[in-house]
Structures are given as structure tokens and as C-alpha cells.
Amino acid sequence: MAPKDPLQETFIEGSGNTYLSLQDSVGNLTLDQKRHNRFAWWFPFVLAFGMLQVMMLALTMLVFVGTGIWGINNPVGWGFAIINFVWWIGIGHAGTLISAILLLFRQQWRNSINRFAEAMTIFAVMCAGMFPLLHTGRPWVAYWLMPIGPNNLGMWPQFRSPLVWDVFAVTTYLTVSALFWFIGMIPDFATLRDKAKTFVPRFAFGMLSMGWRGASRHWHRYEQAYLILAGLSTPLVLSVHSIVSLDFAVSIMPGWHATIFPPYFVAGAVYAGFAMVLTLAIPVRKWYSLEHIITLKHIEWMAKIMLATGLFVFYGYICEAFFAFYSGNPFEKAMMINRMSGPYWWSYAALIFCNGLAPQILWSKKIRQNLPVLMVVCFIVSIGMWLERFVIVATTLHRDFLPSSWGMYFGTIWDWGLYLGTMGLFTFLMWLFLRFLPIINIFEVKELFYKMTGRHGAPKPAAAVAGAPEKVTADE
Amino acid sequence: MGMDNEQKRNDLAALQAKLAQSRGKDLWRGLEEVSETEEFNRWLDDEFPNRGTLPHVDRRDFLKFMGASMLLAGLSGCRFLPKSHIVPHVMGPEDRVTGIAVYYATTFVQNGFGTGVLVRTYEGRPLKIEGNALHPSSLGASDATMQAAMQTMYDPDRAKAVTYRGEPSTWELALGSFRKCLEQTQKGELGPVAILTPVTTSPNFAAWLRKFVNQTGARWFQYDGVGRDAAREGVRMAFGDDTTPVYDFKKANVIVSLDADFFSEGPGHVRYTRDFAERRRVHGEEVELNRVYAVESTPNLVGAFADNKKRCKASEVRQVAEALATAIGLGSGGTAPASVGDSFVQQAAQELLANRGSCLVVPGEHQPKEVHALAHAMNVFLGNSGLTVTYVEPVEADSKSGVLSIGRLAEAIGSGQVGTLLILGGNPAFDAPADLNFAGALSKVEHTFHMGVYANETSELCDWHLPEAYFLEAWGDARAHDGTASIIQPLIEPLYEGKSQLELIAALCNDPRPGHDLVRDFWMKDRGLSKEAWERALHDGVIEGTAGREVAATLQPLNLDPAQTTSGLEVIFRPDPTIGDGFYANNGWLQELPKPLTKTTWDNCVYVSPKTAEELKLNVWRDADNPQHDLAEVTVGSASVRAPVIIQPGHPDGAITLHVGYGRTKAGAIGDGCGSNVYPLRTTATMHFAGNATLKVVGKTKVANTQYHHSMHGRDIVRYGSVSKYKENPTLEPPGTMHIGGHGKDEDKYNLFRQGKKDHAFDGHQWAMVIDLGLCVGCNACVSACNVENNIAVVGKDQVINGREMHWIRIDRYYGSKDGAPSLDSPDTHFMPLACMHCEMAPCEPVCPVAATVHSAEGLNMMVYNRCVGTRYCSNNCPYKVRRFNFLYFTKQYEMPSLKMLMNPDVTVRSRGVMEKCTFCVQRINKARIEEKKSGVPLKDGDVITACQQACPTQAIIFGDLTDEQSQVNKWRHEHRNYTLLPELGIRPRTTYLAKVTNPNEEVEA
């Protein structure tokens, strides 16, 4: 007997599932607004809205007073803004990985989490994209970084600068992710349009579904477009964070000028992204009773990916330290000693704990399935990934070549305000998404259910007719 | 009803009347409060406020008025304009072109002594002060204070009007009031008149003062907050009569400094520094260096530079002087204090004796008279008189009255002998010795007048304050350190109502004349200058043949008082290294200028040696990165002062230093509340140091330093070595130095980036700079000059703490040690001026996303402010961290109308959010290039001089064209000592350094 391929398992748990019950669990979550009208939705939403106001205040101050409200100074020209930018961009990566790479590898289990993760990607990139523009001294001319070209501005941006590459990387990423997300939702919009009982959702989803009728030609084109976009997104998983890492690696600063940066940043991004997906998925599946769709197996496998990418990242830290000493470059060596024992030693120690040591408990299956502990690990990893960027930015810049110019860097209340504010924006958008859009891919879940149960396994024909898009059954 | 309403609407008169009636607690605090009143609101609502005060005119009256006005308008044409000597050009003279600078010679006065300067003016607006090459005290160089004085000129907090007890008044009323006092005195109804002035060298001003004294029987007193009384007394003690010593450092092979800082204070210090540097130049095989032995109390620039240095308490310097005198065979019985050691004194004595006639013993300005007397005695004994030191007739107009004459004034006031007191300049209420309680004494004088550039603490206590014209606004004269007289000629009409002291005293002698006439008449009528000579004096800035005549210096037998020793903890009082005695407290450029040794800004601190700090249980090993310092309370007698503690390596043990000048309360918007006032600790008997101080820590406070790390961390940053090391290996590079990408022989061999095509097309002149670290004394003149030339913003104490100071050039100061052994007690001090290096492979350029920093064909790394969006990536990638970012709207201050006038029109004033940095004074390069194009004559070496280079007293900075084989900059770059900072980065900076060669006597025991 051939060993069972665990990845070909199917993942809708429980015995009483029907197409109708799945439609009710997933699709009607959007249509039946009363199901959101409770503490679990309102509390995070109001909190996030409050934090969003903090962001608006911090941005207003920033534009009217200047970057001087932050803690950046002469040796340390970059601070929270760049740290947060890299952090948010990294978080986005899990979504793309789940939607694109797992799709190409035909991993069926992605179906129950991809929509959710893609939304997270887009919102994280929105948070991230704000920083490179706003951290400039004159944000009102930050658009000069865009390749708007000589026709409008008289000159091109300076293409040798990694910051210009960033602009390309991030805008491409946002565009492709948004398209991917939207196209993936079109069949679901159509389902919601059809199921809606009142005018507003029917009209809104009707517009969004772009005339989807479920015709086989539609399905054909949909599948093609989706695959092409997945193909486009796949290199993005690797390229976006590689390019972000070049902001550092291209410079000549000890601690930045290292060839290991691109792969180690990509691993870190996926690592942080999965931590964030878990952080959101664990409470949401409970609050919205989705445990049978986002199952413990999903959770466990995401935890495994975290463990794997966490090990890549840890390997990166070891390499960095090793080469600092092995290179014989006195400045690199001094930088690494300063990282470990200088005034920011605590950040480096905390980083090693958060990203290197804490996730090792995920080797245990029990821990992987223990949701509260897993949540804590995910939080630790998120903090760790933020600290990683803090260590890279602050400890390199604050002590470089000439001791005379050495200094210290600390975030101010406005730095923290903007950081918390973007968390508010992220949560705010995420919670709107939870309420107004299908958070789990309706048709793919039903397709999965069909694959699990087959035609004969379908409990009740009536339910199948009512719930499943006709084409799915027709194509099979 | 209408009438009633009209009445109520009337105008502000009712409101003012109402306010005038309010008393006591009814005082209104702000306009908001007033605006709540009914009258005010009605006034505000009225379409034509104040119309009630307009006369009700009918048509006929209106026509009558119109006709009369037209007649009067015609009449006004016949009125003589107020006599004015500087007028805007209606028809521009032929040689004046808008935008082309015109230079005028004038004289800058410090502690009464004049230094000749050339002032650059644009369209009649003085902008920048440079040294006058023809003037003996300058020789073309300047110092930090002279440079920054420009900001004092345009300071919006300067005194603007005559005030009587704080209310605006007029000159007529003030003079009338003074004349009334004189009349009353003559009638015997009022005590005599007294005049208090700073020590002056102006022969003209002194003549008028004497005339006034003779006319009115007034008494004349002199006082300087930080004066030279001890120096004058010392001379009198040595020679029995007053003379002024003039040193010639060019001729001195061996110099012994007895706590002297001839690089930064005292008459002629700029000239002395330049002469001194002539003996420190190393070219190829020529290494003929002078040698400096320094004994210092508070670490100073001479000590930092010295080849052999010892530290001791300020009170012990006299013992060193006695020991040295004994060692050279003059007198007997002197023994050096343990902290200095016999070996040092013996070695110094030996070298002095071996260099009779070509050595020099220099006493410190702040040492008691005995040290001065001993130093002069030694100089005469060693045959230096007439060679390395010349004694000339006293330069001060009245050198005798100087000695603490303010004490006699206080005494006279106390006994009711002063009815009217006229204080010309100075700030005695703030800086007089504490035991005199001068502020209290002022209240006992019936009528007090104070004239000053600022309305300061003294003006506040006086009845009348008279605004004084700044030296750039007034006529006058002053004498240099060697007695050479020069004219102070104004560059601009007084901005406010200021008059000069000279004009005032002439007016009080009932001979009111404009300053110009007073000065011209004095020199042409009294001193017999011909018209040509007068004009030449104005043009050159020096009056020929006025240098002090040498006098025979015959030593008197020295009757030294018993040594003034201190017990317990000693406090050494010093003027502040940047704001001096406190006059410059409101000068932002000087406040933010880092103190040369500690790199502290905006504050005066308690300086204490590491060992003493440990004994006093101060936080010695505090975290270098943390701006939190111990806040100490220092008590001397009954007075105490609170200031932050700074651990100063090289400070003598058992003593602390406090700088006076801070703690001003009436300095202005910038100077108020900075630092703490140390003057209350200083008494007549303890003007320079006091004993039995106590120090206790009372808390923590933040100090704004511009440099926190003081060691080079074993990196090859400042290269240095002794003469013997230089002879072994003239490159002075440490063993194992790599030569990659530098300007060595293997220049391109290892450079990955330069194989194949060149990155920039270099074409035309190739600008480069070389800085000789062996000549840099760390005096800050370059930093200050750059501030003025390039419109550098002042950011304030908090922003300096945040690391956001904007100086384009900084002087890094590192403490090192001989033979690599770290020494906190007496470290070697190294200075390294650092501005943008203009790297040929500049790392800042490729990382800028908008190409706002680019390379010119002439090798300049340029900033395009308009294009900069402010990502700060360039600064992050700069290994020297010389780029400066406008984190906030730092130049908002320059929107004030008077400070706007301070801005150099050739240099962009940078706004918020853009990066800036040294441009190699590109505006000067462009100017020279335009001239080159116009005239067709190729630029010569030296046609372009950067601001820092121009100011530098030691000429340690050379700038020029690399394509000119014969240029000075090429010559320096071919020196063996030439090296690149951080060569391994391969960025090929255009600024290189010459390693520092020191000349220590290895025989001196550590």
C-alpha cells in the first residue's frame, strides 16, 4: 500500500455538512449582517477605528511639523518608518505564498484560508506602502520617486537607487495582489448576488460580479486568468522582499552590506506572514464557527511552515554573525560585537529569543494544536520580526565608521502612534472585510466538498442543487 | 440714540482709559481678556474704527485742507534731510554692481583690543567678517567669535530704543536728564558723577573721557567681566612700570606655557596662532618644529596641542613657575608640585637655557600676577626681551586704573559719593565680583544710565538705558595687541537708534558731533594724519606707524607675596570658550558652537577629572550615549550654583572648572535660561580660582553634546606620530594598513568599480582639499566661518540632544594616548576637521532615488535642494556622516526681518525636509569661474578660497585645483603624510589629510 499523501487529504470536518450548511457557514456570513452584530465584531472594530484616528493625527503632525517629530537623527536617518515598512511588507507575503505558490502546487488545503490571507496581504501592503512615501522630508513631492517620466516632471527618477526599485516592487505587488484577490472573488460575488434577498447587496454584488453567469466559458477564462495571475505572483513572493532587502544590502554600511540579505528577508517575510495569518485565523474561526472549514490540520500545517521558515531565518542570523567575524573586516566585526553587547544588546537578545528560540517549541505536535500557546508563539514571532528590522536599521546606523558621529536612536510618541495607527488601519480594513466580503472562498469550499463526497456522497440532492454552483457539478 | 451710539463706539480711548484705571488684581494679562470688553467689541465691529477721532469736515474745509496740504508738500522739499552719512544710492556709483560684494576694512574689538577685519557687504548690507591681512593682530585670519559677531549685529533682541525705567523715551530726554544731573552736581545738590567703562585701548575715546572728567570732576572706573588685571599687575610687578608684552612665536624654538591659552584668548591670539603654526609646518624632509611644554589647569587648546603637557591645579601653577625659575637659575627654593614632577621642569629648563633668546615663557591670562611677573622675569633672564618678546608702551588707554577699580566704585557708591552713574557697555550687575554686590549698589545711586548693545541685567537696574551702536554701525578706533591703531568704520547706518560710546561722551562734553567727524578730527587734527594717510588708513584698516614703541624693560627685584594656595576642592573660574564673559549669550551660532574640548553646546558644566569624580562619587562610568548627566551643586562660601557634570580627561585632580558667562536672565530669546550663573561664586579675592568648594549631586540633567564617543576605538582615523617616528616612516601609517582605492600607487588596481568605463566624466578644474592635522589646534574658527558663509541654521539645545545640529563642518576631537596605553588622566588630544569629503565614488549618489545629489565634472558632490525629497538614504550611506538633514523647519528663524539680512544671498536658505552638506563653497568657486570667463585669464592657485580655509588661523586647510601641477593642494597631496580617511571603502574622497607630527621630549617622565 502506497503511503498516504497527507497533502491530498481533504479538509472539511464534521459529519453533518451539506452544501446548504456550507453556504450557511460561509456565504450567508456576508449576507446575514445580524451575525456580525455582536461584541466579537464590534469591539475590535471600534478599537481599530480609534487607532486609525491616532494614525490620522500622527500623519497630520508629520505633514505639518516635519519628520523631526520622530526620533530619527543624524547617524540614524531611518527609524520606525522603514522598520514598519519592512515589517508590513513581510506580513503580506504569506497571502501571496498561499494563493499563488500553493495553487500552482495544487494544494487543496489552501482553499479555506487563501481569501483571508490575500485580504491580509493587500491591507498589509497598504499599511507598508504608506511609509516610504511619508517618511520623506517632503511627502508632497514623494511622487517624484515614481517613473512618471520626463514628459511630466522633466526627469526620470534615479534608477540606480534601491528606493526606486522599491516603488516598482511594492506597486507591482499591490496591483497583482489586488487583481488576484478580486478575480478570485468574482464567482463568489455572483453567488452572493443570487442569494441576496435585499436590494443593496444584490446591487453591490451584482456590480462586483461583473456579469458572471457561471457559463462554462466564464469558468474557462476564470481558471486561465487565475493561473496566469498565480504565475505572475509567484516570482513576486521572492522578488518583493528581495528588493526591499536591497535597500540595505546595496549600501556600504557594515551590517547592511551583505549578500545573504535577499533570501533571508524572503524567509523572514513568509515567517512573519504565517504568524499573522494564524494570529487572525485562530480567533476568527472560533467567533464565526468555522472550525470545520479552517481545521486544526490547517492550523498545524501553517505552524509547520512557520517552524521551517523560522529555521531559515535563524540560519540567516548565524551566517551574519559568522561572516562578520570570518570576513576579518574590522568594521563588520565591531558592528556585530556592538549588536550583541552594545547599548541595543537587549534588542538583539530579544530577537534571538523571539525568532530563533521560541518557535522551536513548534516541533511538538501538541503545541502546534494548542491554540492559546500557538497564538502566543505567533505574537512572539511578530514582535521578533519587528525587532529584526529594528536591529538591522538602528544598530547598524547608530555606530558606523567614525566614533565621533555615533549616536542613539529611540522612537518618540509619534513614531509609536503611527505604528499603532497602521495596526488600526489594518484591523479596521480586515474587520470590514470580515463583515462585507466572503472571507472564505465559497465555490472552492463547495468544490472541495464535492470532491470529498462525490456525487453519491452528496447527502441530499436538494442541498446540492441549492448550494453548489451548477458548473462545478456539470464539469465533473 | 444715534449720538449715544456714536459716543460708545468712539474709539479705543475709552478702553484705554478703562485699562488705565485698573489697578492691582485687575491687571489684564492678555489681549484676549481685553477683547471681551464691550468697548473693544464695538470698536472691532465698527467699519471705520477710530472715526470718532476724525474731525468732522464739510466740503469747504476739505478743500481748504487739500490746498494747504499741497502747499506743505511743496515746503517739505525744502527741509534738510537729517544728516546721514550712509545713504542708499539713487544713482549708483560706477563701481557698484548689484550682487558683487564690496569689502571694507574695520576693526573688531575684543576685551578692548582691536583686530583688523575686512567686512563683505552686499548692497550696503554687511554680511561676513574676514581677517585683515594687513592688520598685525589678524594677518588675514579670524576666530570663531569674530565670525559669529555678524549674528549679534542683526540680533532682533538688541536694544532698539532709549528707555527710561522700561518705558520708551528719546535721546533728547536722556541727555537732558544727564545734563540736569550735572547741573545739580555743580550746585552741590547731588553727589559726583562716575563713569564705568570696560578697559579701552582707543586713544580717541580715552581723550574724550579725560576731557569729560576734567570738565565735570567725574570719576572714571574700568571693569571687564573677564579682565586682564592680573596680567597688567604682573608686568608692573616685574618692571615697576606698565608695558605690554608682545610675543613673537615665529622666533621661539621652545615655548613654555604656564596655563596660557594663546590660541584662543588674550590680545593678539589670532596672530600668535598663525605665527606659531609657521613653526609647525612639515614638508618632506624638513622637520624643524618648535616644542611646547604646557602646564595647564583647565584643559585648553595649547595644552591639547602641546608636545609635553602636565596638569596641576590653577593655584599650583605659581609653584611650577617658581620651580622653573629656580631651575634656570633665577631665584631659588622653588619646587614643582607632585602632579607636574621634577623631570618636566628640569627638561623644560634645560631646553630654555639651551635656547636663550629664542625661547618663550607665556603666563596664562587667568593666573595671578605673580605668575606673570615670574614669566616676564624668566623671559628677560633668558635674553628673550627684544627677540621673542618685546615690551612696548602700554596699549590700554588707562592701564593703571584697571585693577579692580570697580571695587573702588562700589566703595564710593557705598559711602554716598556717587550721585550719577554712567555705565558705558559691560554688564557689571551680572558679572561684577560677588562680594561687591554691585546690583545692590546700583540702587543706592540716584541717577543711573547704562549704554549697551543689549538691554541686559544692568540696564534693568538702571533708570536709563541707551542703545549702543554695534561696531559695524559706528565710527571709532582701537589698538591692536602691539599698539597699532586702526579705525572702526561703519558698514551700515545703525539699525536702531544706537549711538556709539564716543558720540555719547562727546555729546556729554557739549560737543555733539557725528562719530565720523570725531574720529577724523582726532586722527587728522590731533594726531596729524594727512588726508592721504587718513584715507589709506580707512582703506587698509591700519594706521601706519602707530605700533607701540618698545620700552626698556628693567627687571625689578621680585617681592612675591606668599603663594596663594587653596585647600579642599578648588574651583577654577574661566570665561566660556564660546560665549566668553556672557556678552555673546544671545548669539545662536556661538551657543551652538561645540566647546572645543568637550563638544558641549548651550550649557556650562562642572568639569572634573575622572579621578576626582570617583572621589566625589560622581557617575564616572556613565553610559556614553546617554545625554543624562549628574546635576551637581557647587558651593563656595555661601553661594552655590547648579550645573551638569562633565568628566574631562586631562583635568587636574582635586579641582573643578566652572565657566562664567551663562545663566543670563536678560540676554534675549536665545540666551535666557541657558546654563547657570557662576559669577556669584567669584569674589574680588578669588577672581580666577577659589578653594574649599563642596560639590554634591542633586539630580540628573541632559547635556547637549555633539560628540559622545571620545576614543578612536583602535581605528586608523587620526594618524599621528613623533618626529622620530616620522623620520623612520614618513607616512606615519599604522602597521597593516591596506592600500585599496586610495590615492596611493595601486590606485585602480584593486578597484572593482573602475575597471572599464569611468563613472563620471571629469573635466576642467578638479577641486580638492587637504587638511594638515599637524596644524589644527581645534579653535572652531572654520566651523563658525562656515556657519556665516553658508547660512547654517541654529537648532537649539533639544535638537542638539536629538543629534540634529546642522554644522557643515565639524571638528572631531579624540582622546588618545602615547604608546597605545589608554590614559584618562592625561590623554593626548587630536582634532580632525571633517566636512563633506566630495568622494569621487560618492556612496551618497547612487542611492538617491531622485538624483538630488549628483557629481559635477569638476569633482564636486552637489546637492540639488529643489530636487531633494528627503529620504535620508544618502546620509545613511555616508561613512563620514557629514550630511545634515532639515528634520524640522530650522530656518524659520531666518524669516525674522532682521535675521533675514544676515543671510548670504549667494547661498540658498534650505527649508524643511531637505538634505544639505558642505559644498566646498561652490558659490565662491562659481564666482571665480565667472571672473575667469569674463577676463579670459585662467584661475590661479588661491583664487578660490573656502570659508573655512580663509578663517583658519594656522592655515591648516588648503583648497585648490588638482589639474594645476604647481598648486599648493597638489604639493600637499604629494607629501608622504598625505592619507585618505577610510581608504578601504574605495570611495576616493577629494579631501585628504596630512598626518600629525608631534615633537615631544621623550626624556620627560610620564
Take the range B:912-943 and flag every residue that is of a type in the set (S, T, Y) and without any contact (Cβ under 8 Å) to a residue 40 or more places away in the chain.
B:S935
Could you give every pair whose Cβ atoms fall below 8 Å, whose first residue belongs to the range A:59-75 and is within 7 Å of another protein chain (Cβ to nearest Cβ), and whose second residue is among the polar types (S, T, N, Q) and not in a loop (DSSP other than H, G, I, E, B), counting only separations of at least 6 or pairs across chains?
A:G68/B:Q799; A:N74/A:S405; A:N74/B:S875; A:P75/A:S405
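Looking at the structure I just gave you, is B:Q950 in contact with a strand residue (DSSP E or B) (Cβ under 8 Å, 6 or more places away or on another chain), touching a residue at least 12 places away in the same chain (Cβ under 8 Å), under 21 Å from B:A148 (Cα atoms) and outside any loop (DSSP other than H, G, I, E, B)? Quick ask: steps written out before the conclusion?
Working: in contact with a strand residue (DSSP E or B) (Cβ under 8 Å, 6 or more places away or on another chain): yes; touching a residue at least 12 places away in the same chain (Cβ under 8 Å): yes; under 21 Å from B:A148 (Cα atoms): yes; outside any loop (DSSP other than H, G, I, E, B): yes.
It is true that B:Q950 is in contact with a strand residue (DSSP E or B) (Cβ under 8 Å, 6 or more places away or on another chain), touching a residue at least 12 places away in the same chain (Cβ under 8 Å), under 21 Å from B:A148 (Cα atoms) and outside any loop (DSSP other than H, G, I, E, B).
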Given the structure, is B:V944 under 19 Å from B:A857 (Cβ atoms), touching a helix residue (DSSP H, G or I) at 6+ places or on another chain (Cβ under 7 Å) and modelled with pLDDT of 90 or more?
yes
Could you check, for the range B:504-513, whether at least one of its residues is of a type outside the set (F, W, Y), assigned to a helix (DSSP H, G or I) and more than 14 Å from B:S202 (Cβ to Cβ)?
yes
Of the residues B:V645, B:V641, B:V698, which single one is closer than 19 Å to B:A429 by Cα and assigned to a strand (DSSP E or B)?
B:V641
For the range B:874-923, how many residues are closer than 29 Å to B:A159 by Cβ, of a type outside the set (G, A, S) and more than 11 Å from chain A (Cβ to nearest Cβ)?
14
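Could you pull out the residue among A:L362, A:L425, A:L418 that is within 30 Å of A:R193 (Cα to Cα), assigned to a helix (DSSP H, G or I) and in contact (Cβ under 8 Å) with a residue 12 or more places away in the chain? Full working, then the answer.
Details: A:L362 fails: within 30 Å of A:R193 (Cα to Cα); A:L418 fails: within 30 Å of A:R193 (Cα to Cα).
So the residue among A:L362, A:L425, A:L418 that is within 30 Å of A:R193 (Cα to Cα), assigned to a helix (DSSP H, G or I) and in contact (Cβ under 8 Å) with a residue 12 or more places away in the chain is A:L425.
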Any residue that is on the phi < 0 side of the Ramachandran plot, in contact (Cβ under 8 Å) with a residue 24 or more places away in the chain and in a strand (DSSP E or B) - is there at least one of those in the range B:797-807?
no
Among the listed residues A:F312, A:F274, identify the single one that is within 21 Å of A:S364 (Cα to Cα) and in contact with a Pro (Cβ under 8 Å, 6 or more places away or on another chain).
A:F312
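Quick grid of which residues meet (1) modelled with pLDDT of 90 or more; (2) buried (at least 21 other Cβ atoms within 10 Å of the Cβ):
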position	(1), (2)
B:A133	yes, no
B:P136	yes, no
B:L139	yes, no
B:D143	yes, yes
B:Y154	yes, yes
B:R158	yes, yes
B:C181	no, yes
B:Q184	no, no
B:L190	no, no
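Residues of the range B:488-518 being of a type in the set (D, E, K, R) and either under 20 Å from B:I195 (Cα atoms) or under 26 Å from the mean Cα position of the chain (by Cα) (or both), which ones?
B:E493, B:E497, B:K499, B:E503, B:D511, listed by residue number.
Residue by residue, here is whether (1) touching a Gly at 6+ places or on another chain (Cβ under 8 Å); (2) within 9 Å of chain B (Cβ to nearest Cβ); (3) part of a loop (DSSP other than H, G, I, E, B); (4) among the aliphatic types (A, V, I, L, M) holds:
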{"site": "A:I98", "(1), (2), (3), (4)": "no, no, no, yes"}
{"site": "A:L102", "(1), (2), (3), (4)": "no, no, no, yes"}
{"site": "A:W109", "(1), (2), (3), (4)": "no, no, no, no"}
{"site": "A:A119", "(1), (2), (3), (4)": "yes, no, no, yes"}
{"site": "A:A128", "(1), (2), (3), (4)": "yes, no, no, yes"}
{"site": "A:D166", "(1), (2), (3), (4)": "no, yes, no, no"}
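Considering every residue within the range A:121-143, establish whether at least one is surrounded by 16 or more Cβ atoms within 10 Å (Cβ to Cβ), over 16 Å from A:V86 (Cβ atoms) and within 15 Å of the chain's Cα centre (by Cα).
As a first pass, look at the range A:121-143 and keep what is surrounded by 16 or more Cβ atoms within 10 Å (Cβ to Cβ): A:121-139, A:141-142.
Among the residues that remain, those that are also over 16 Å from A:V86 (Cβ atoms) are: A:122-123, A:136-139, A:141-142.
When the remaining residues are screened for being within 15 Å of the chain's Cα centre (by Cα), the result is A:122-123.
Yes, the range A:121-143 contains a residue that is surrounded by 16 or more Cβ atoms within 10 Å (Cβ to Cβ), over 16 Å from A:V86 (Cβ atoms) and within 15 Å of the chain's Cα centre (by Cα).
This table checks each residue for (1) within 14 Å of chain B (Cβ to nearest Cβ); (2) in contact with a Cys (Cβ under 8 Å, 6 or more places away or on another chain); (3) not in a helix (DSSP H, G or I).
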| site | (1), (2), (3) |
| --- | --- |
| A:L133 | yes, no, no |
| A:W140 | yes, no, no |
| A:W144 | yes, no, no |
| A:W181 | no, no, no |
| A:M185 | no, no, no |
| A:D188 | no, no, no |
| A:D194 | no, no, no |
| A:K197 | no, no, yes |
Does any residue of the range B:851-860 turn out to be within 30 Å of B:K310 (Cα to Cα) and either crowded, with 24+ Cβ neighbours inside 10 Å or not acidic (D, E) (or both)?
no
Residues of the range B:619-669 being within 14 Å of chain A (Cβ to nearest Cβ) and not basic (K, R), which ones?
B:W621, B:D623, B:A624, B:D625, B:N626, B:P627, B:Q628
State which residue pairs qualify: first residue surrounded by fewer than 24 Cβ atoms within 10 Å (Cβ to Cβ) and inside the range B:343-363, second residue in a helix (DSSP H, G or I) and charged (D, E, K, R) in any location, beta carbons under 9 Å apart, and separation of 6 or more residues or different chains.
B:G357/B:K251; B:S358/B:K251
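Can you tell me which residue is surrounded by the fewest Cβ atoms within 10 Å (Cβ to Cβ) among those in the range A:389-407 that are of a type in the set (V, I, T) and more than 16 Å from B:D625 (Cβ to Cβ)? It would help to see each step written out before you state the result.
Let us first name the residues in the range A:389-407 that are of a type in the set (V, I, T), namely A:391-393, A:395-396.
Now narrow it down to the ones that are more than 16 Å from B:D625 (Cβ to Cβ): A:391-393.
Numbers: A:V391: 21, A:I392: 26, A:V393: 26.
It comes out as A:V391.
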What do you reckon, is A:R160 away from chain B (no Cβ under 14 Å), over 22 Å from the mean Cα position of the chain (by Cα) and without any contact (Cβ under 8 Å) to a residue 60 or more places away in the chain?
no
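Residues checked against (1) away from chain A (no Cβ under 11 Å); (2) crowded, with 23+ Cβ neighbours inside 10 Å; (3) not polar (S, T, N, Q):
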site: B:I792; (1), (2), (3): yes, yes, yes
site: B:N802; (1), (2), (3): no, yes, no
site: B:R813; (1), (2), (3): no, no, yes
site: B:S826; (1), (2), (3): yes, no, no
site: B:T871; (1), (2), (3): no, yes, no
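Within the range B:684-695, how many residues are surrounded by fewer than 17 Cβ atoms within 10 Å (Cβ to Cβ) and assigned to a loop (DSSP other than H, G, I, E, B)?
The initial filter retains those residues of the range B:684-695 that are surrounded by fewer than 17 Cβ atoms within 10 Å (Cβ to Cβ), namely B:684-685, B:692, B:694.
Keeping just the survivors that are assigned to a loop (DSSP other than H, G, I, E, B) gives none.
Within the range B:684-695, residues that are surrounded by fewer than 17 Cβ atoms within 10 Å (Cβ to Cβ) and assigned to a loop (DSSP other than H, G, I, E, B) number 0.
Could you tell me whether any residue of the range B:835-847 is away from every other protein chain (no Cβ under 14 Å) and within 31 Å of the chain's Cα centre (by Cα)?
The answer is yes; a qualifying residue exists.
Working only within the range B:701-730, note down all residues that are assigned to a loop (DSSP other than H, G, I, E, B), among the polar types (S, T, N, Q) and within 14 Å of chain A (Cβ to nearest Cβ). Step through it out loud before you land on a result.
Taking the range B:701-730 and keeping what is assigned to a loop (DSSP other than H, G, I, E, B), we get B:703, B:706-719, B:729-730.
Applying the additional criterion that residues be among the polar types (S, T, N, Q) yields B:706-707, B:711, B:729.
Across the range B:701-730, the qualifying residues are B:T706, B:Q707, B:S711.
Taking the conditions exactly as written (crowded, with 24+ Cβ neighbours inside 10 Å and part of a loop (DSSP other than H, G, I, E, B)), does B:H366 satisfy them or not? Let's see the steps before the verdict.
On the way: crowded, with 24+ Cβ neighbours inside 10 Å: yes; part of a loop (DSSP other than H, G, I, E, B): yes.
When the stated conditions are applied, B:H366 passes them.
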Among the residues that make up the range A:238-245, is at least one of them at pLDDT 90 or above, within 14 Å of chain B (Cβ to nearest Cβ) and under 20 Å from the mean Cα position of the chain (by Cα)?
yes
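Only one residue in B:V864, B:V914 is among the β-branched types (V, I, T), buried (at least 17 other Cβ atoms within 10 Å of the Cβ) and in contact with a strand residue (DSSP E or B) (Cβ under 9 Å, 6 or more places away or on another chain), so which one is that? Step through it out loud before you land on a result.
Details: B:V864 fails: buried (at least 17 other Cβ atoms within 10 Å of the Cβ).
Among B:V864, B:V914, only B:V914 is among the β-branched types (V, I, T), buried (at least 17 other Cβ atoms within 10 Å of the Cβ) and in contact with a strand residue (DSSP E or B) (Cβ under 9 Å, 6 or more places away or on another chain).
The values are calculated or read from the model by the stated rules, or taken from the named source; none is laboratory data. As the structure is a computational prediction, the values presented were derived from the model and not from experiment. Counting neighbours? That spans all protein chains shown, and the Cβs are built from the backbone with ideal geometry, glycine included.
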